[in-house]
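Read the structure below first, then the notes.
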Protein chains: 2
Amino acid sequence: MSAVERRSGAGIQSAERALRILELVGAAPTGLTAAEIAERLGLGQSTAYRLLATLQHEDYLTRQPGEHRYILGRSVDELGRALQVQLVATDPVRAVLRALHDAAHAPAYLTVFRGDDIAVAHIADSPEHPRIGQLHVGFAEASHTTAFGKLMLASRDDAAVARFLEKRGAARLTASSVTDVATLREQLDEVRAQQLAVEVEEYLPKLACIAAPVRSPAGRVVGAVSVSVSAKDLPSRAWELERAVRRGAWQVSARVAG
Amino acid sequence: MSAVERRSGAGIQSAERALRILELVGAAPTGLTAAEIAERLGLGQSTAYRLLATLQHEDYLTRQPGEHRYILGRSVDELGRALQVQLVATDPVRAVLRALHDAAHAPAYLTVFRGDDIAVAHIADSPEHPRIGQLHVGFAEASHTTAFGKLMLASRDDAAVARFLEKRGAARLTASSVTDVATLREQLDEVRAQQLAVEVEEYLPKLACIAAPVRSPAGRVVGAVSVSVSAKDLPSRAWELERAVRRGAWQVSARVAG
DNA sequence: ATGACGATTCGCACATAGTGCGAACGCACC
DNA sequence: GGTGCGTTCGCACTATGTGCGAATCGTCAT
């Protein structure tokens with residue numbers, strides 16, 4: 001390896017290249033040709049073709065017959081499906097969320113904690129009770145201003161929380177966001193005690209959220225079930241919603257494998 | 001490379017290994033430890049760790065803080081999402097399928113042709129009009145016995161069809177399945193002429209299916225919109241269903257990008 | 001037919017990038 | 001303070017991946 005130019009990610013070069021190809025192809029709605037790929041990655045043609053042959057052989061890429069552009073293949077779908085399973089987004093779990101939505105008359109969410117991220121695994125909503133703004137199924141940064149974010153942090157010990165805050169900080173999103181670390185710690189203690197997290201206008205104005213923990217059979221907190229309602233409705237409905245969310249989280253936990 | 005033992009897939013070794021790791025981790029609901037991965041793949045620990053570091057760095061793998069097992073990361077989700085886009089499974093398209101289902105009182109399907117496979121991109125059904133048996137969203141082998149399969153074959157020239165049949169054969173699934181190649185070719189010609197494929201009890205007994213082609217802006221047939229009904233209802237409803245399916249396919253085509 | 005152009009494969013020489021082994025390190029738990 | 005993981009490091013070796021150029025194939029236009 002030359003001392004002059006150092007590769008960015010210190011990793012297995014060809015593995016990185018393979019992954020980058022997948023991303024590149026995925027980002028192109030109609031796929032890419034071998035030449036385009038080689039060019040954009042600065043690869044010789046042989047190299048590109050060999051990498052592509054491997055990816056195609058493993059069904060991560062395919063081509064329409066007669067076409068020269070590569071598109072994502074079925075293995076990508078299989079991986080995605082495997083992820084869904086890991087995220088607990090199975091049909092019985094979806095049914096629980098749907099029932100929660102119907103009972104609470106509010107959008108219901110299933111989130112799963114992954115590393116320092118949160119994955120929104122499923123949302124049960126309706127035209128009458130739509131999901132929060134831009135919240136969508138997929139990975140999102142964890143935040144100390146959301147009910148499920150608090151739950152995630154509460155599931156960790158102080159050292160881990162400190163590490164998290166050091167990395168991500170405690171940004172202020174609304175006037176009510178908690179930015180003081182000491183106060184946040186107190187909140188997390190309360191979350192641990194109640195096994196429930198509540199957030200009122202800390203994430204988005206006028207909105208409140210209640211979340212209860214989902215546990216693996218081993219007892220580990222792996223995610224959260226939550227609902228969001230308008231902040232002004234919260235006082236009158238808190239008790240009812242808490243019960244509904246706790247029940248939903250319990251039911252999901254019972255349907256979590258492994 | 002030793003002449004004695006030859007590697008299976010003639011490809012880039014480390015890329016293959018990286019992909020295999022992803023599959024392995026995906027297949028384990030709760031993830032795997034580095035040691036397990038190294039062992040199952042027959043890798044030295046350094047090698048395994050370096051591969052894992054690369055995959056983690058690119059966010060294809062993550063770990064829960066404190067945990068030693070690797071799980072699928074957010075990049076997998078992003079890839080899967082990119083595939084969904086390539087499969088045209090966007091919200092407006094889903095809405096079209098839903099409308100078709102409501103109008104036709106039958107389960108509606110969007111399929112996308114990929115290589116020699118068919119991807120079921122979306123299904124709009126209901127408890128009253130449930131989807132066909134084990135049909136599910138995801139990739140499936142193309143078949144000459146399904147309406148969308150016929151449509152896919154019809155979108156190809158004779159040589160490509162020949163190649164397909166040589167590889168996959170023309171199996172008999174029901175008493176009505178067409179297994180004679182000449183007859184099949186005639187059917188495909190008719191499909192091309194009508195821009196519509198119909199199948200009656202060729203795939204599953206008592207079921208019939210009508211499919212119309214989805215076209216890219218460039219005019220290429222990229223998939224199909226279809227509905228399935230009970231075979232005995234077909235005669236009385238054929239005209240109505242044909243109109244509905246054609247309309248649905250047209251609407252989807254208008255919502256296909258690139 | 002002929003030629004020209006893009007896509008794809010092949011052959012080859014080179015050395016980088018990847019590999020395995022063993023040892024060292026860090027860390028938690030006993 | 002020791003024992004048992006999980007993880008990193010150092011090193012020597014060469015298989016593995018690489019780039020270049022040329023050969024081949026296929027398609028389309030002339």
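Computed in the context of the full set of protein chains, the accessible area of region A:31-143 at 1.4 Å probe radius has 51% of its extent on carbon or sulfur.
Structural descriptor for chain B: relative contact order 14 percent, calculated from alpha carbon pairs under 8 angstrom and at least 6 residues apart. Where does helix A:158-168 land angle-wise versus the long Cα axis of chain A, in degrees 0 to 90, nearest 10? With both axes taken from Cα atoms, the answer is about 60 degrees. For region A:13-79, the alpha-carbon coordinates run over 28, 25, 20 Å along the three principal axes, in decreasing order.
Interface of B with A. Using a 1.4 Å probe and counting protein heavy atoms only, the two chains hide about 4500 Å² of accessible surface, both sides summed. Legend: translational diffusion of chain B by Stokes-Einstein, Rh = Kirkwood radius over C-alpha pairs, 25 °C, 0.890 mPa s; D = 118 µm²/s. Note on region A:1-128: the C-alpha convex hull projects to 11.8 nm² when averaged across all orientations. Scanning chain B for GluC sites (Glu not before Pro) lying in DSSP loops with no more than 11 further Cβ atoms inside 10 Å, the longest uninterrupted stretch between such sites is B:129-258. Of all chain A residues, the closest to the A-onto-B rotation axis by Cβ, with that distance in whole Å, is A:G80, 1.
Between A:S46 and A:D158, the simple label model (points 7 Å from Cα in the Cβ direction) yields a spacing of 6.1 nm. Which part of region B:58-102 falls in the paramagnetic zone of A:A218, meaning amide N under 15 Å from the point 7 Å along Cα-to-beta-carbon? Answer for this model: B:63-72. Placing a label point 7 Å from the Cα of A:R168 along the Cα-to-Cβ direction, the residues of region A:213-234 with a backbone N closer than 17 Å are A:213-214, A:221-226. Accessible surface area normalised per residue over chain B is 47 Å², counting heavy atoms of protein chains with a 1.4 Å rolling probe. Label-point spacing for B:H68 across the identical copies (point 7 Å from Cα in the Cβ direction), in nm and ascending order: 5.1. Label-to-label distances for B:D102 across copies, nearest first, come out at 1.9 nm, using points 7 Å from Cα in the beta-carbon direction.
Going out from 0 in 20 Å bins, what whole percent of all Cα-Cα distances in the protein assembly as shown drops into each bin? Bins of 20 Å from zero give 20, 47, 30, 3 percent of pairs.
Within the full protein context, the accessible area of A:L61 is estimated at about 0 Å² for a probe radius of 1.4 Å.
Can you give the angle from 0 to 90° between the axis of helix A:181-194 and the longest principal axis of chain A, with both taken from C-alpha atoms, to the nearest 10? Helix A:181-194 sits roughly 70 degrees off the main axis of chain A. If you bin all the Cα-Cα distances of region B:116-176 at 5 Å, starting from zero, the percentages per bin are 4, 15, 24, 23, 16, 11, 5, 2, 0.
In the frame of its principal axes, region B:69-183 has Cα extents of 48, 40, 28 Å, reported largest first. Using a label point 7 Å beyond Cα on the Cα-Cβ vector, give me the inter-copy distances for A:E186 in nanometres, one decimal, shortest first. Copy-to-copy label distances for A:E186: 8.5 nm.
What percentage of all Cα-Cα pairs in region B:86-145 are separated by more than 20 Å? So the pairs more than 20 Å apart make up 26 percent of the total in region B:86-145.
Applying the Kirkwood pairwise sum to the alpha-carbon positions of region A:153-237 produces a hydrodynamic radius of 13.9 angstrom.
The values are calculated or read from the model by the stated rules, or taken from the named source; none is laboratory data. Remember, predicted model here, so these are calculated numbers, not experimental data. Every residue, glycine among them, receives a Cβ derived from its backbone with ideal geometry; neighbour counts consider all protein chains shown. Heads up: the accessible areas ignore ligands, DNA and RNA and are worked out on the full protein's heavy atoms, side chains in. Shrake-Rupley method; radii C 1.70, N 1.55, O 1.52, S 1.80 Å.
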